[in-house]
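Structure, as C-alpha cells:
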Ligand SMILES: C[S@@+](CC[C@H](N)C(=O)[O-])C[C@H]1O[C@@H](n2cnc3c(N)ncnc32)[C@H](O)[C@@H]1O
C-alpha cells in the first residue's frame with residue numbers, strides 16, 4: 001500500500017485491525033511511504049483486496065480515499081520474519097557523539113562517535129525510534145560519568161549501554177558502587193539486554209533486574225531515564241520520587257508532544273521542576289529535576 005506519510009500510522013493500525021500479523025513501514029521519500037501488511041491469506045488475493053477497500057470505505061468514507069493508493073496483494077513464499085527486519089537496519093547517528101550500529105556490521109576504524117552495538121531481537125530499543133533517540137540525546141547532554149543511573153524499561157539495553165560506554169570512554173573503572181541499574185519486566189528483553197551489554201564489553205558496568213518499577217527497591221539514583229508511555233509516566237510518578245533525591249534528574253520519554261502538559265503538570269505537583277523539553281517527530285523528552 002502506497003500511503004501519504006501523514007497517514008502512515010493510522011494505516012498501520014488499520015492493517016493490524018484487518019488481521020495483519022505484522023506491518024513493515026518503508027519511508028521511500030518525504031512524500032511516499034510504502035506499508036506492507038502480512039496476513040495469513042485464507043481467501044484469494046482479489047477478495048483480500050476487496051475486503052481492505054470495503055473496510056476502509058466503511059470506516060473513513062470516500063473523502064479519506066486519498067490517504068493511500070497503489071494497493072496490491074500478492075502471496076509471498078515462507079521467510080524467516082524474525083531476521084527479515086535486519087535488512088533495513090542501518091547505523092544511526094544520534095546527537096553529536098553517539099552511533100547506534102547493528103552488531104553484525106563492521107565498525108569503521110575511523111569512527112569517532114561512541115558506537116553502541118545493538119542486536120535488539122524482539123526487544124524495543126533498536127535506536128530507530130524518535131523516543132529512544134531523544135533519550136540518547138538526553139544522556140549525551142545530562143549524564144555525568146560516575147553518577148548512579150537508573151534505566152527504567154531498558155528493553156534492548158540501548159540507553160544503559162550508552163551511559164556505560166561513556167563511562168568507559170572517560171576512563172572510569174567499572175566500580176560496583178557506581179553501577180548503572182537497568183530494570184525490565186520482560187525477561188526475554190533482559191536476556192537480550194545482557195547479551196548486548198557483553199557485546200559492547202560493558203557487562204560489568206550494568207546491573208540488570210527482571211522487574212517492574214513498582215516492585216523495584218534500591219537507593220535513589222542521580223539520573224533516571226524512562227522511555228515508557230505518557231500514562232505509565234503519570235502512574236509511576238510516586239515510584240520515580242521514591243527512587244530519586246533532591247537534585248536528581250529525570251529523562252522522561254515515550255510521550256507524544258500533545259501529552260507534554262499533562263505529564264509536566266503531574267510531575268510539577270510531585271516536586272519536580274522543568275529543565276528542558278525536546279521534541280522529535282511528534283515525540284517529546286522532558287528533562288526534570290527533583291526540587
Ligand atoms: C518503549 S520501550 C523502551 C526501551 C528502551 N529503553 C528504549 O528507550 O528504546 C519501554 C520498555 O518499558 C518496559 N516497561 C513497561 N512498563 C514498565 C514498568 N512498569 N516498569 C519497568 N519497565 C516497564 C517495557 O517492557 C518496554 O521494554
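The values are calculated or read from the model by the stated rules, or taken from the named source; none is laboratory data. Since this is a predicted model, take the numbers as computed values, not measurements. Cβ sites come from the backbone with ideal geometry, for glycine too, and all protein chains shown count toward neighbours.
Side notes on the structure shown:
- Annotation: of all residues in the range 126-154 being without any contact (Cβ under 8 Å) to a residue 40 or more places away in the chain and in contact with a helix residue (DSSP H, G or I) (Cβ under 7 Å, 6 or more places away or on another chain), the one that is farthest from the ligand (Cβ to nearest atom) is 146.
- Any hit, the range 191-202, residues being in a strand (DSSP E or B), within 16 Å of the ligand (Cβ to nearest atom) and either within 17 Å of residue 223 (Cα to Cα) or under 16 Å from the mean Cα position of the chain (by Cα) (or both): no
- Pairs meeting the criteria (first residue in the range 210-221 and assigned by TED's automatic domain parsing to the domain that holds residue 191, second residue near the ligand (Cβ under 7 Å from one of its atoms) and assigned to a loop (DSSP other than H, G, I, E, B), beta carbons under 7 Å, at least 6 apart or on different chains) are 210/184; 210/185; 211/185; 212/185; 213/236.
- Identification of helices (runs of 4 or more DSSP H) wholly contained in the range 63-172 with 2 or more residues that are farther than 23 Å from residue 36 by Cβ and over 13 Å from the mean Cα position of the chain (by Cα) yields 130-142, 158-169.
- Residue in the range 54-62 that is under 22 Å from the mean Cα position of the chain (by Cα) and surrounded by 13 or more Cβ atoms within 10 Å (Cβ to Cβ) present: no
- Options 232, 215; residue that is over 23 Å from residue 145 (Cβ atoms), within 13 Å of the ligand (Cβ to nearest atom), modelled with pLDDT of 95 or more and more than 17 Å from the chain's Cα centre (by Cα): 215
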